[in-house]
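Input: a single structure, listed below in structure tokens.
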């Protein structure tokens, strides 16, 4: 009989039971703890010395008291909000095709590039337009066609 006790103890040690209702949370929990640890490490190694230098007067806080390009700053915020809003609107017009992502991303990349373009030359505008067409098209093709990921 001692062999049976030993065998059941060993088999219970080697058996695996999976709770399928919570098993999908295993890796996200690990990633959250890793990210929290990295955040703490950044705070200790980068932010604390920077704040100490600000307190001593050796450095200044970025953004505070500096001039800001309000047109580009608020233009970026508006474009980002419009991007997410119109992606849903256009995506509902072409359900399960990814055309909402494709068309709205093309417009977003074009407008964002034009917003930050300093030299409006024919060459620069050509590059902006080609990039606004090619980059979202490539992303759409890879995600929607190769990996069959449903896009808005």
Response to the item:
How many residues of region 107-152 are assigned to a helix (DSSP H, G or I) and touching a residue at least 40 places away in the same chain (Cβ under 8 Å)? The answer is 5
Discussion item. Considering only residues that are part of a helix (DSSP H, G or I) and surrounded by fewer than 17 Cβ atoms within 10 Å (Cβ to Cβ), which ones fall in region 87-106?
Written reply: 88, 89, 92, 93
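Each reported figure results from applying straightforward, stated rules to the coordinates on display, with no laboratory input. Owing to the predicted nature of the structure, the values given are computational and were not obtained by experimental measurement. Glycine also receives a Cβ, built like all others from the backbone with ideal geometry; neighbour counts cover every protein chain displayed.
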